[in-house]
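The values are calculated or read from the model by the stated rules, or taken from the named source; none is laboratory data. Fair warning: this is a prediction, and the values are worked out from it, not measured in the lab. Cβ placement follows ideal geometry from the backbone for every residue including glycine, while neighbour counts extend to all protein chains displayed. The accessibility values were calculated without ligands, DNA or RNA, using every heavy atom of the protein model including side chains. Shrake-Rupley method; radii C 1.70, N 1.55, O 1.52, S 1.80 Å.
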Amino acid sequence: MSTDSTSRTLRPMHRIPLPESGPPRLTTLATGTPVWLVTRYADVRQVLMDPRFDRKSLKDEDAPPLLVVPNLLDSPDGLLNQDGPPHQLLRGTVQRAFTPRAIARWRPWTASVVESLLDDLARQPQPADIVEAFTRRLPVSVISRLMGLEDADWERIRGWADHALSGGAHSAGEVGAAMREFGLFCAELVAKRRKEPGDDLVSALVGAGDGLGIEEPRLVVLVLGLVVAGHETTMTALGNIVVHLLTDGREAWPGLAVSQDAAETAVEQLLRTIPLSEGRVLPGLIRRAVREVEVGGVTIPAGAVVAVQTNAANRDPEVFPPPAETDLFAPLTTPSVVFGAGPHHCLGAWLARLELGLALHRLAVRFPRLRAEFTAETIEWREGQMTRGPRRLPVSW
């Protein structure tokens, strides 16, 4: 049963408090498992890049429980839970489709989708819901084309995706049933593309996977993960960014219209300072020490579970200025860890940057007087997932 609620007031994501920056310290997961929380920028990068911290050992028989209710991130066949050569093999089947050069070829088409959606928005009676009209539809349109899913039932996929990244909104039974349905959908999609390959990412993955001898369950989970990750995080990020820009960050709105470059610079700052999730420990950012390691002057014992807080690291006062002092149009002098670091760095980082940069620039150009018909107190939030974003945002122009 869903726990979504609009009866209680939640802070916008750019206002939520984050764990204080400091040395690694012990805390506990919701399962009661002890975990070392890592918050400083340098320490977070060390954990994410040091092979002495891995994902695979989190699936060993002696590994402690991480999730009260398992979800997609818990799958042992998932890309996230592989390390070393098996991870490199699986990641290599998809990585070429997401390089900066490959994504650049998608720019003209993505720009045309942005313009089409903004045309539709302009024709709507005011106030209009910018989530339904734009921030949700853009990433869904892009991943649909990339994976050849234009004719898919996206309402069903959205329901499956909510269960796949459930953070408490659904029971174990509900998540399990949804994942079985989603898995069957992806297995049938893989079989169809194997029989009738097309000009899409799924066909390319099936061809590469078959040639490399990748097991069918891993290939299916890879496709499932790409469908979810390909729209969920970008949709949530764009919605939360719009909340900020139409409320506390309103003074930056004209600057986004100045140039595409200015908007793309702002995207890096906005992603760094507006988290997708609250202070909870995200399963995808958990590692296990395969042997004793020192991090930030603290000894992490072998077998210990470690969680990195990238939101806190992206606001580390030793590396980045506080959000209140951030100039959105000043290029970052140090790369953030919003997309992680090391071997598990987010595959879709460049695609997300492309979508967000085009979306914000053209939105500001086309709607210079865009204004919120909501307040921080009246926003309806999508809750119960690993991330939190606005359910609807009425706007006028």
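Some values worked out for this structure:
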item	result
The stretch 249-330 - Debye-derived log10 I(q)/I(0), Cα point model, q = 0.22, 0.25 Å⁻¹	-1.05, -1.18
Relative contact order (percent, whole number), the stretch 252-364, Cα cutoff 8 Å, 6+ residue spacing	39 percent
Candidate residues K56, K195: accessible-area rank, largest first, probe 1.4 Å	K195, K56
Using a Förster distance of 41 Å, the FRET efficiency for T375-C346 (Cβ separation, nearest 0.05)	0.80
Volume in Å³ per residue [convex hull over Cα atoms, computed for the stretch 250-391]	143 Å³
Difference of contour (0.36 nm per residue) and Cα-Cα distance, E251 to A111	47.9 nm
The chain: most fluctuating residue of A164, A302, A359 per GNM, C-alpha cutoff 10 Å	A302
Check: the stretch 68-173 dipole with +1 on Lys, Arg Cβ and -1 on Asp, Glu Cβ, in debye	500 debye
Cα gyration tensor category, rounded, prolate or oblate, for the stretch 15-62 with a/c compared to 1.5	oblate
Within straight-line cross-link reach of K56, aspartates and glutamates at Cα separation under 12 Å, skipping those fewer than 8 residues along the same chain	D74, D77, D83
Percentage relative contact order, the chain, counting C-alpha pairs under 8 Å, at least six apart	31 percent
Positive-end residue of P331, V395, V319, charge dipole of the stretch 260-397 with Cβ unit charges	V395
Accessible surface ranking that places the most exposed of R101, R366, R315, R371 first, with a 1.4 angstrom probe	R101, R371, R366, R315
Integer Hz, Karplus 6.51/-1.76/1.60 couplings in order for the stretch 380-397, x for Gly and Pro	8, 10, 7, 10, x, 9, 5, 10, 9, x, x, 7, 8, 9, x, 9, 10, 8
Reachable aspartates and glutamates from K195, criterion Cα separation under 19 angstrom, eight or more residues apart if same chain	E150, D151, D210, E215, E216
Most fluctuating residue given options T93, T27, T234, as computed from a GNM of the chain linking Cα atoms under 10 Å	T27
Estimated 222 nm signal from helices in the chain, with DSSP H stretches of n ≥ 4 weighted -39500 (n - 2.57), rounded to 500	-13500 deg cm²/dmol
Accessible surface of the stretch 253-397 [probe 1.4 Å, protein heavy atoms]: carbon and sulfur percent	52 percent
Solvent-accessible area per residue for the chain (1.4 angstrom probe, square angstrom)	43 Å²
